[in-house]
Amino acid sequence: MRILVVGGAGYIGSHVAKSLLDEGMDVRVFDDLSTGQRINLFPKAEFVEGSILDKNALEKAMQGVDGVVHLAAKKAVGESMEHPELYAENNLIGAVNLLNAMVTQGVKYLVFSSSAAVYGMPQYPKLDENHPLNPINFYGFTKLEMERLMQWYDRLKGIKFVALRYFNAVGYDAGCNVRGLEKKPQNLLPVIMETLVGQRKEMFVFGDDYDTPDGTCIRDYIHVSDLADAHVRALRYLSAGNESQSLNLGTGRGNSVLEMIQTTERVLGKKVNYKMAPRRAGDPAVLMAVSDKATQLLHWTPKQSDLENIIRTTWQVYRLHYPNA
Ligand code: UFG
């Protein structure tokens, strides 16, 4: 199969490209390098520099491909509330361009990078795909709108899709094949790492008065290589003629912010300089996935998501950039 990975120079996209190449697929990466990085490109994959806002470039990149993985989206929750216009343009207009280019080029399979953010405030701690869809931030709204667009393009144009609703993506390829660090990360584990390497003087734990055992928020951390594996499986699932699906990807386990910090300290034998701070707006206390549907339909289970492996594989890449840390 020849697969176009849109956003394939980004953090998750490059891991997806690697898994597809490992499975012997032909990979073409399409990326505007706005957040993606050249260091994340693989010599074995063809690279086309372009934006999803450029319809002609997209159509051209789609020529001769059997399927598309779409990960080219803006993803900072806070920023989406301050600059919805950026998210509307990139995540919504970009998604429409992508679907239309698929129609023009007759490409029938799409794996889409969705998010647990489509659910909004959890009404119960472990979310399955039947949980109500009420995003509480504009980012989550754009992901949900794309899922709805895909349902219509499935009905009207026969494009089959799998929307993968990621929980908290963490970790790096164990073989250090992906080396790009995200610029100005806001997510917990990269923030912990930046504090350890001295890129930040200190970090803040946002809220210790939640209704959880240690008072800090609990999340379902899933290794990016496990996420990447699900994309390969989703493409196989679609090419076997199966129906479109939206599927959660998480471990079903949760770790608190303090557990993440303390486990990092234990595994790496280093102290993290952190302070307690007020709650961050829009953070639910607990967010965990039920991923039984992905297990059942894709025969997917997380294999690399134990916390120690997540921490070690992330640290490996930080050490490459900060050898004296
Ligand atoms: N946190 C801190 N300090 C920091 C950064 C984060 O205490 O410096 C806390 C947050 O308050 C939260 C937890 O760590 O309680 C995880 O925060 P992240 O920002 O790493 O992740 P989120 O759970 O907020 O969101 C992530 C992705 C979203 C996705 C969501 C799905 O960024 O795109 O997971 O679960 F929708």
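The values are calculated or read from the model by the stated rules, or taken from the named source; none is laboratory data. Here the structure is a predicted model, which means the values were calculated and not measured. All Cβ positions, even for glycine, are placed from backbone atoms using ideal geometry, and neighbour counts span all protein chains on display. For accessibility, only protein heavy atoms count, side chains too; no ligands or nucleic acids. Shrake-Rupley method; radii C 1.70, N 1.55, O 1.52, S 1.80 Å.
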In what sequence, highest mean first, do 66-78, 277-289, 138-150 appear when ranked by Cβ atoms within 10 angstrom?
-> 66-78, 138-150, 277-289
If the label point sits 7 Å along Cα→Cβ of Asp214, residues of the stretch 239-259 with amide N under 12 Å come out as 255-259
Starting from the Cα of Asp128, move 7 Å in the Cα-to-Cβ direction to define the label point; list residues of the stretch 289-308 whose amide nitrogen is under 11 Å from there.
-> 290-293
Averaging 1/r across every pair of distinct alpha carbons in the stretch 1-153 and inverting yields a Kirkwood hydrodynamic radius, in angstrom, of 15.9
If unit charges are put on Cβ atoms (+1 for Lys and Arg, -1 for Asp and Glu) and the dipole of the chain is taken about its Cα centre, the option from Val69, Leu238, Ser14 lying farthest towards the positive end turns out to be Ser14
What is the packing order of peptides 313-319, 174-180, taking the mean over residues of other C-beta atoms within 10 Å and listing the highest first?
-> 313-319, 174-180
In debye, nearest 20, what is the charge dipole magnitude of the chain about its Cα centre with +1 on Lys and Arg Cβ and -1 on Asp and Glu Cβ, if you could check?
-> 460
Ranked from highest to lowest mean number of other Cβ atoms within 10 Å per residue, what is the order of the peptides 265-271, 305-311, 167-173?
-> 167-173, 305-311, 265-271
Suppose every K and R has +1 on its Cβ and every D and E has -1 on its Cβ; what is the size of the dipole of the stretch 156-236 about the Cα centre, in Debye to the nearest 20?
-> 720
From the Cα centre of the stretch 20-81 to that of the stretch 284-308, the distance in Å is 25
Residue pairs, from the table Lys108/Lys157; Lys55/Lys143; Lys74/Lys143; Lys18/Lys44, whose Cα atoms sit over 18 Å apart | Lys55/Lys143
So Ala174 and Ile39, fully extended at 0.36 nm per residue minus their Cα-Cα distance, gain in nm 47.0 nm
Residue-wise, which Karplus ³J(HN,Hα) couplings in Hz belong to the stretch 122-138, taking 6.51 cos²θ - 1.76 cosθ + 1.60, θ = phi - 60°, and x for glycine or proline?
-> x, 8, 8, x, 9, 8, 9, 6, 8, 4, x, 9, 9, x, 10, 9, 5
Give the cross-link partners of Lys201 among the lysines, using a straight C-alpha distance below 23 Å as the criterion and excluding same-chain residues fewer than 8 apart.
-> Lys183, Lys184, Lys270, Lys271, Lys275
Could you look at the chain and say what percent of its accessible area is carbon and sulfur, using a 1.4 Å probe and all protein chains?
-> 48
Theoretical gain in end-to-end length, Asn309 to Trp152 [0.36 nm per residue, Cα-Cα removed] | 52.5 nm
Please report, for the Cα atoms of the stretch 275-325, the Rg to one decimal and the Dmax as a whole number; what are they, in angstrom?
-> 16.9, 45
For the chain: accessible area per residue (Å², 1.4 Å) = 44
Two-site label geometry, Glu243 and Arg266: point separation in nm, points 7 Å out along Cα→Cβ | 4.4
Alpha carbon Rg of the chain, scaled by the compact-globule rule 2.2 N^0.38 Å | 0.96
Tell me the GluC sites (Glu not before Pro) within the stretch 148-226 that lie in a loop according to DSSP and have at most 10 other beta-carbon atoms within 10 Å.
-> Glu202
Determine the dipole magnitude for the stretch 230-294: charges of +1 sit on the beta-carbon of Lys and Arg, -1 on that of Asp and Glu, nothing else is charged, the reference point is the Cα centre, and the result goes in debye to the nearest 20.
-> 300
Fraction of the pair-distance distribution of the stretch 1-83 above 16 Å, Cα-Cα pairs, percent | 48
